[in-house]
Amino acid sequence: MKSPLLSLPGAVPAEGVDEGVAAHYGDLFREQRALADGTGFVDLSHRGVLSVSGDDRLSWLHLLLTQHVSELPVGEATEALILSAHGHIEHALYLVDDGETVWAHVEPGTQDALIAYLESMKFFYRVEVADRTDEFAVVHLPAGSITEVPEGVVVRETPYGRDLFLPRADLESYAEKAGPAAGILAYEALRVEHHRPRLGFETDHRTIPHELGWIGSAVHLQKGCYRGQETVARVQNLGKPPRRLVFLHLDGSEVHLPPRGTEIRLADEDPDGRKIGFITTSVRHHELGPVALALVKRNVPVDAPLVADTTAAAQETVVEP
C-alpha cells in the first residue's frame, strides 16, 4: 500500500519489505536527530493492522501468544510472538487493548497469514478477528514528543515512543500538524541503536526467542501453555540458544554498508575461514557512525574482533553467551 506521504518534498521511496513509505525525506541524519530529540513523526502506514474484539479476546489470545495478556490493563502496550510447534518465531505482534478491542500492528505483508492462523484457532471462543490495514495507518511519534494525539485515536505508549492507529483517511492532514516527517531509515537507525530485533531482519526460519533477547519483553516464562512453549522452557532451563544477537561497530572508512546476510568471521582467521554469523541489519547512525545488528554463534568470544566480508567490526554484547 503506497503512502500518500510519498508526495512530501524530498521523499525517496523505501525498497524491499518497507516499500510503500519513504526511506528518507532528503536528510537522513537530520531526521535521526529530530527523532532522537523527540520531534517529528515516522510514517509506518505500510505495516499491517488487525483487531481482535469480543468478550473472550484477552483470554483467547493468552492461549496463542508467548506473552501474558489475559489480564492486560487497558492502554498498556505489550509485544508478543507466535511460534511454530518447534519454537521458531513465525509472527511478532505489537499490541494494546482499548477496553473493547485489542489492536495490533505487524510486519508489512504478514497480516494475511497471521489472520488465517488466528481464524483457524477461534473454535467456540467469542472473538472476532479483522484486518484493519485498509482503514488504519500506523504513525510513530518518538519518545519525548509533545505532538497532540487526535481524540479517539488508539495509542501504544512504549519507552521508545508512541504508535498511533490513525484513521488512514486522516494521514495527510495529521502529517501537516505533526511534522517534520522522518523516513524509515531514521527509525531503523534508532531501532538498531536500542538493540531491538525485528521480524524478518533479525529472524530466519530457525530463530528462537532466546537468541534475540525477546525473553521478557515478548515472552513470558510463567504463563500457561502455548505452541512452541516446550522449546522455550527447555532452552531456558536446560541449555543455551545456539546463536546470540550482537551489536557491531563497523569500520567507518568503508563506503558501503555490509547488507543483511553478509557473512561474519573472526578477524584473526583466514579470509576463507569459517562463517560464525551474519549481519541482520546495518545502518548509518547520526552519532555512532556505521553500526549493525548481527547473529553469531553463541561460543564466539565476546571480545573477539570480527569481520563482515571485508569490513572490520567490534562487537557489543546484546544477548549473553
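The values are calculated or read from the model by the stated rules, or taken from the named source; none is laboratory data. Since the structure is predicted, the reported quantities are computational estimates derived from the model, not experimental observations. Virtual Cβ from ideal backbone geometry, glycine too; neighbours counted across all protein chains shown. Surface accessibility is based on the protein's heavy atoms, side chains included, excluding ligands, DNA and RNA. Shrake-Rupley method; radii C 1.70, N 1.55, O 1.52, S 1.80 Å.
Structural remarks
- Qualifying residue in the stretch 39-49 (condition: open to solvent by 10 Å² or more (accessible area, probe 1.4 Å), more than 19 Å from the chain's Cα centre (by Cα), farther than 25 Å from TYR226 by Cα and not basic (Lys, Arg)): yes
- All strands (runs of 3 or more DSSP E) inside the stretch 117-209 with 2 or more residues being in contact with a Gly (Cβ under 8 Å, 6 or more places away or on another chain) and crowded, with 17+ Cβ neighbours inside 10 Å: 136-142
- Being of a type outside the set (Phe, Trp, Tyr), open to solvent by less than 80 Å² (accessible area, probe 1.4 Å) and within 19 Å of HIS195 (Cα to Cα) holds for only one residue in LEU245, LEU221, and it is LEU245.
- Filter result for the condition that a residue is of a type outside the set (Gly, Ala, Ser), more than 27 Å from GLY239 (Cβ to Cβ) and in contact with a Leu (Cβ under 6 Å, 6 or more places away or on another chain), over PRO305, PRO290, PRO271: PRO290
- Of the listed requirements (1) touching a strand residue (DSSP E or B) at 6+ places or on another chain (Cβ under 8 Å); (2) open to solvent by 50 Å² or more (accessible area, probe 1.4 Å), ARG33 misses just one: (1).
- Pick from the stretch 1-19, criterion in contact with a strand residue (DSSP E or B) (Cβ under 8 Å, 6 or more places away or on another chain) and under 15 Å from VAL139 (Cα atoms), ranking: surrounded by the fewest Cβ atoms within 10 Å (Cβ to Cβ): LEU6
- Positions within the stretch 282-299 being open to solvent by 10 Å² or more (accessible area, probe 1.4 Å) and closer than 19 Å to ARG206 by Cα, in sequence order: LYS297, ARG298, ASN299
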